[in-house]
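Visitor: Below are the structure tokens for one structure; questions will follow.
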Amino acid sequence: MKHEFKQTEPKWQKRWEEAKAFRTGEDAGKPKFYGLVEFPYPSGAGMHVGHIKAYSGLEVISRKRRMQGYNVLFPMGFDAFGLPTENYAIKHNKHPRIVTDENIAHFTEQLKRVGFSFDWDRVVDTTDHNYYKWTQWIFRKMFDNGLVFRDKTLVNYCPSCKCVLSNEDSQGGKCDICHSDIVQKSKDVWYLRITAYADKMLEGLNEVDFPENIRVQQENWIGRSTGAFVNFKLSGTEETLRIYTTRCDTLFGVTFMVMAPEHPLIDKYSALINNMPEVSAYREECGKKTEFERTQLVKEKTGVRLDGLCAINPVNGKEIPIYISDYVMMGYGTGAIMAVPAHDQRDWEFAKKFGIDIIQVIKGGNIEECAYDGDGEMINSGFLNGCTNKKESIARMLEELEKRGIGEAGVQYKMKDWAFNRQRYWGEPIPIIHCPHCGMVGVPYEELPLLLPEVENFEPGEGGESPLAKIDSFVNCTCPKCGGKAKRETDTMPQWAGSSWYYLRYIDPHNDNELADFEKLKYWLPVDWYNGGMEHVTRHLIYSRFWHRFLYDIGVVPTKEPYAKRTAQGLVLGPDGVKMSKSRGNVVDPLDIIDQYGADTLRVYVLFMGDYGSAAPWSMTSVRGCKKFLERVASLTDMITGTSDKKVVKSLHATVKKVTSDIESMKFNTAIAQMMTFVNEVYACGGIAKDDLFTFITVLNPFAPHLTEEMHEVLGGKGLLSLAAWPEYDESMLAEDTVEIAVQVCGRLRATIELPRDCSKEDAARIIAESGKIAAFTEGKTFVKDIYVPNRIYNIIIK
RNA sequence: GCGGGUAUGGCGGAAUCGGCAGACGCGCCGGAUUUAGGAUCCGGUGGGAGACCGUGCAGGUUCGACCCCUGUUACCCGCACCA
């Protein structure tokens, strides 16, 4: 037969749909497999070939597991709240609901055209009120459990999106949505206390199967450090300047203090500061800098001394000057540091520039040239003098600090609490009411979902207030506690809210009474295998692990961790080897490929193009190669013989074996290569028995389901091939009677020779000698020794 | 600066344990078929005339190294004045 994909692909997609072939089973007698792929944001641009690659990995694995008799949950949904939709809606004066519905319909159509085996009865849409009811419910639970708080602080603010962003959303000082420079702005912000879960999230990493780089990236993002808080008195006041340090052992080497420019004590004691105009000017200058400018490396240290204000070193009573400098951040530790220029390079640079003393307290290095941060004997350090072990010095200092009540051990995290509110329309309303008497009160659970109201104008206000603030009927309400007049919170949740728990909803997507039935959660959790992009490692993956752990703590989910195993696919690059982007014009549209070459070709190609986890450039000629392979496969129906050649049978068993194991380790490229080898073998031998062809198309089915279903039908197969049993292979069929091994002389390949399998060393040596193949190389030399690895090599050493 | 990773033909990439480097595909060359082109099928294809040389570079361990060790270079990704 011919590979008539234009007819057969829609035909089989329709059959699968009618038969509900991929509906999730819950048969208790079978093992379960929950395969999860990151659900897409349904943008107006439609799908990208990158989506196809991202989903095809677990698609193949899920199809294979289904054929192996598992209950498979392989769902799909849409993460549909978000700014692009809202901006599109504003620009085209269309309601975001309508835009979202159109985009979801378009994405669904595209996904179906690829032939993915998702369970379409379980689709979730984060913007559906039946879904976001539970997003709000989880938020309320967090509120009840003290994980939600409001604080007026400096936040990352995107002037272009007119929106507050979390730390995770402003990495590198750029807005994650529009790539504008982030500015620091003082604002009232809702926070989720994710830092309270930092340790639990670190611990959890030990019980999941994440690749090393993902684990390390998460650890670094959480950024746990252990150290000490030390209290310095401000001379002439009762005030304490509290600092955090990881090197309390160097306390005797402190020669100045540095506070972040925004540090509140500066305002509090401005009356004592003689050069306040200069200080204010510096602070203003820092405020203007973007986060990016401020954190630029290789930057000269700047700062101003607080003239008139001094700190007292608690261990030796020395009076030390205080500076403000933007190399100290308000957001980490206490926003102030003790500076030890002898042993910290940043402090050293600052001291050199401002002519501050440098006191060495650890022997070693040359502090004239740079700070010394190595080990050595303690000097100039009172009771620590003579100690040579850093750990011990720290322990002894901590003991002293605690004994004298001037400090204590402490832990800090780089991860910050999650700035959770957005001043935009297209998101989940935050279910909180502000009551003048009772303060912040949660919207009662029975009133959830708190529906997103209709507005005329989706645009945020110039002052950075949410569009919802303009709707009096939404804003004005009564306090659920005291019944008095109150106002609703008008900000909405960030896009990451809905995606933090969607994998739970797939398990029980239509449940009106709870987020998901606990028994079902017990059956399906954890997600067995989660595949997605590397870009989500320090965002979605962190956030959802946090939410899951919280839900575990309040007894809503049965597992500590949501995902047992995580993998990541590599990017699909443009034909020019650069990341695909509209501006470069190197984007490949999956629908164009499907129209020209078929969905099966697309599926095979995205998995064949290279190592699944690595980036690889798109190649149109290679796409054609994959199409050619499928055409050769289709033609096998015209090559049926009574029995297969022995070589074909052997190659078939080898193929079943390799495809079976390669799929499990995501080595799809070599699995496909093996199938190509097999087809080449059939062509070389001129035919194949029907049963053997059935076996072959069964293992090819997860990759090219449409073509193989068609072949199965043409060959008279019954039922759907996609639901057939995965074939077994016979190891004994693979064993050869003879093997060809390499014959080396002094480690250099000189010949190859056919030997009986598992031949003894004596026999091997004799057969090789008798063959005379290496005589020319050993002639007249002295035998030293020989090395024989059965079925591999024979190496003879001579002199 | 720190952390993680990569480096193999003209190209994408293979290579369980340290045991015949270059599977498979693309491209290219040749042949068959064809009025021709395309498509298809068959064969060839790391370099070198050769002895030989070949897995970023320089060493080391080993009978034997893409693989292990030391040093080094280039590139990619993440974080980045984190006290």
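Visitor: Which ³J(HN,Hα) values, rounded to whole Hz and listed in residue order, are derived for region A:21-31 from phi using the Karplus coefficients 6.51, -1.76 and 1.60 in 6.51 cos²θ - 1.76 cosθ + 1.60 with θ = phi - 60°, glycine and proline given as x?
Guide: Couplings: 4, 10, 5, 5, x, 10, 4, 5, x, 10, x Hz.
Visitor: Percentage of Cα-Cα pair distances in chain A greater than 54 Å, rounded to whole percent? Could you put the intermediate results ahead of the total?
Guide: Details: 95758 of 318801 pairs.
Looking at chain A, the distances longer than 54 Å represent 30 percent of pairs.
Visitor: Across region A:716-723, in residue order, what do the Karplus-derived ³J(HN,Hα) couplings come to in whole Hz, using 6.51 cos²θ - 1.76 cosθ + 1.60 with θ = phi - 60° and x for Gly and Pro?
Guide: So the J values, rounded to whole Hz, are x, x, 9, x, 8, 5, 4, 10.
Visitor: While we're looking at this one, here's another question. Relative to the longest principal axis of the C-alpha atoms of chain A, give the angle of the C-alpha long axis of helix A:540-553, reported between 0 and 90° and rounded to the nearest 10°.
Guide: On a 0 to 90 degree scale, this one is about 80.
Visitor: Sticking with this one: Long-range amide H contacts for A:Ile362: which residues qualify at under 5 Å (H placed 1.01 Å from N, peptide plane, sequence gap of 5 or more or a different chain)?
Guide: Close amide H contacts, sequence-distant or interchain: A:Ile379.
Visitor: Just the accessible area per residue of region A:347-387, please: how many Å² with a 1.4 Å probe?
Guide: Values: 2090 Å² over 41 residues.
Normalised by residue count, the accessible surface of region A:347-387 is 51 Å².
Visitor: Something else about it: Let me have the relative contact order for chain A, percent, based on Cα pairs under 8 Å that are six or more residues apart. Intermediate values should be presented prior to the final figure.
Guide: Values: 1452 pairs, mean separation 117.7, N = 799.
Reported as a whole number, the value is 15 percent.
Visitor: Just to confirm my numbers, what's the Cα centroid distance between region A:574-589 and region A:20-62 in Å?
Guide: 25
Visitor: Here is a further query. Convert each backbone phi in region A:731-748 into a coupling constant with the Karplus relation 6.51 cos²θ - 1.76 cosθ + 1.60 (shift: θ = phi - 60°), then list the ³J(HN,Hα) values in order as whole Hz, x for Gly and Pro.
Guide: Calculated HN-Hα couplings, in order: 4, 5, 6, 8, 5, 8, 6, 10, 10, 9, 10, 8, 10, 10, 10, 6, x, 9 Hz.
Visitor: Please report the spacing between the Cα centers of region A:71-130 and region A:355-393 in Å, no decimals.
Guide: A separation of 61 Å, based on Cα centres.
Visitor: Please give the helix A:96-114 orientation as an angle from the longest Cα principal axis of chain A, in degrees from 0 to 90, rounded to the nearest 10.
Guide: With rounding to tens, the tilt is 30 degrees.
Visitor: Order A:His712, A:His106 by their accessible area, 1.4 angstrom probe, all chains in place, largest first.
Guide: On the way: A:His712 15, A:His106 70 Å².
Largest accessible area first, the list is A:His106, A:His712.
Visitor: Here is a further query. Helix A:212-222 versus the longest principal axis of chain A: what is the Cα-based angle in degrees, 0 to 90, to the nearest 10?
Guide: It works out to around 10 degrees.
Visitor: Amide H neighbours of A:Val739 under 5 Å, at least 5 residues apart or on other chains, H built in the peptide plane: list them.
Guide: A:Leu755, A:Arg757
Visitor: On to the next question. What fraction of the DSSP beta bridges in chain A is antiparallel, stated in percent and rounded to the nearest 5?
Guide: On the way: 67 of 91 bridges.
Percentage antiparallel, nearest 5: 75.
Visitor: Also, quick follow-up: Can you list the equivalent-ellipsoid semi-axes of region A:432-489, largest first and in whole Å, using the square root of 5 times each Cα gyration tensor eigenvalue? Mind dumping the intermediate values first?
Guide: Numbers: eigenvalues 96, 36, 16 Å².
Sorted largest first and rounded, they come to 22, 13, 9 Å.
Visitor: Sticking with this one: What is the sum of charges around A:Leu591, taking Lys and Arg as +1, Asp and Glu as -1, for the other residues whose C-beta is under 11 Å from the C-beta of A:Leu591?
Guide: -3
Visitor: Give me the tail of P(r) for region A:385-508 as a percent: Cα-Cα pairs with distance above 22 Å.
Guide: On the way: 4358 of 7626 pairs.
Pairs farther apart than 22 Å: 57 percent.
Visitor: What residues have an amide H closer than 5 Å to that of A:Cys310, excluding those fewer than 5 places away on the same chain, when H is modeled at 1.01 Å from N in the peptide plane?
Guide: Hits under the 5 Å cutoff: A:Ser235.
Visitor: What range in chain A is the longest one free of GluC sites (Glu not before Pro) that are in a loop by DSSP and have at most 12 other Cβ atoms within 10 angstrom?
Guide: Result, exposed sites excluded: A:515-727.
Visitor: Still on this structure: Report the Rg/Rh value for region A:516-614, based on alpha-carbon coordinates and the Kirkwood definition of Rh. Don't skip to the end; give the middle numbers.
Guide: Values: Rg = 18.5 Å, Rh = 16.5 Å.
Ratio of gyration radius to Kirkwood radius: 1.13.
Visitor: If ligands, DNA and RNA are left out, what is the accessible area of A:Trp426 with a 1.4 Å probe, given in Å² to the nearest 10?
Guide: Surface accessible to solvent at A:Trp426 totals approximately 20 Å².
Visitor: Also, I was wondering about something else. Over region A:77-179, give the accessible area per residue in Å² for a 1.4 Å probe, as an integer. Before the final figure, lay out each step's value.
Guide: Values: 3800 Å² over 103 residues.
Here the per-residue accessible area is 37 Å².
Visitor: Also, quick follow-up: Kindly provide the helix-only [θ] at 222 nm of chain A, computed as the sum of -39,500 (n - 2.57) over DSSP H runs of four or more divided by all residues, to the nearest 500 deg cm²/dmol?
Guide: Values: 27 runs with 288 residues, N = 799.
Taking each H run of at least 4 residues, the total per residue is -11000 deg cm²/dmol.
Visitor: For region A:684-799, what is the Kirkwood hydrodynamic radius in Å, using each pair of distinct C-alpha atoms? Mind dumping the intermediate values first?
Guide: Values: mean 1/r = 0.0557 Å⁻¹.
Final number for the Kirkwood radius of region A:684-799 is 18.0 Å.
Visitor: Something else now. Can you figure out the FRET efficiency of A:Phe149 with A:Lys200, using R₀ = 30 Å and their beta-carbon distance, to the nearest 0.05?
Guide: On the way: r = 19 Å, r/R0 = 0.62.
Calculated transfer efficiency: 0.95.
Visitor: Ignoring ligands, DNA and RNA, please state the percent of accessible area on chain A from carbon and sulfur, probe 1.4 Å.
Guide: Values: 16810 of 33940 Å².
Exposed carbon and sulfur together represent 50 percent of the surface.
Visitor: Now a separate question. Quick one: net charge of A:Ala89's neighbours, Cβ under 13 Å, K/R +1, D/E -1?
Guide: Working: positive: A:Lys91, A:Lys94, A:Arg97, A:Arg424; negative: A:Glu86, A:Asp101, A:Glu102, A:Glu454, A:Glu456, A:Glu459.
Net charge in that neighbourhood comes out at -2.
Visitor: Can you tell me the Rg and the Dmax, both Å, for the Cα atoms in region A:295-392?
Guide: Here Rg and the maximum Cα pair distance are 14.4, 39 Å.
Visitor: Would you calculate the convex hull of the Cα atoms in region A:626-692 and tell me its volume per residue in Å³?
Guide: Values: hull volume 4.9 nm³, N = 67.
Once divided by residue count, the hull of region A:626-692 is 74 Å³.
Visitor: Counting heavy atoms of the protein chains only and a 1.4 Å probe, report the per residue accessible area for region A:635-788 as a whole number of Å². Mind showing how you got there, number by number?
Guide: On the way: 7460 Å² over 154 residues.
Ligands and nucleic acids excluded, the figure is 48 Å² per residue.
Visitor: So, counting K/R as plus one and D/E as minus one, what does the shell of residues with Cβ under 13 Å around A:Glu459 add up to?
Guide: Working: positive: A:Lys91, A:Lys162, A:Arg424, A:Lys470; negative: A:Glu86, A:Glu456, A:Glu462, A:Glu465.
Its environment carries a net charge of 0.
Visitor: With +1 on each Lys and Arg Cβ and -1 on each Asp and Glu Cβ, and nothing else charged, work out how big the dipole of region A:155-309 is about its Cα centre, in Debye to the nearest 20. Don't jump to the answer; show the numbers that get you there.
Guide: Details: 19 positive and 23 negative charges, 73 e Å.
Magnitude of the dipole: close to 340 debye.
Visitor: If N is the number of residues in region A:589-630, what value comes out of its Cα radius of gyration divided by 2.2 N^0.38 Å?
Guide: Details: Rg = 9.7 Å, N = 42, 2.2 N^0.38 = 9.1 Å.
Here the answer is 1.06, to two decimals.
Visitor: Tell me, what is the FRET efficiency for A:Asp595 and A:Lys11 to the nearest 0.05, using R0 = 22 angstrom and their Cβ-Cβ distance as r?
Guide: On the way: r = 16 Å, r/R0 = 0.73.
Between A:Asp595 and A:Lys11 the formula returns 0.85.
Visitor: Run the 1.4 Å probe and let me know the accessible area of A:Asp595, rounded to the nearest 10 Å².
Guide: 70
The values are calculated or read from the model by the stated rules, or taken from the named source; none is laboratory data. Keep in mind the model is a prediction, meaning the values are calculated, not measured. All Cβ positions, even for glycine, are placed from backbone atoms using ideal geometry, and neighbour counts span all protein chains on display. For the accessible areas, the whole protein counts, side chains as well, though only heavy atoms, and no ligand, DNA or RNA atoms are used. Shrake-Rupley method; radii C 1.70, N 1.55, O 1.52, S 1.80 Å.
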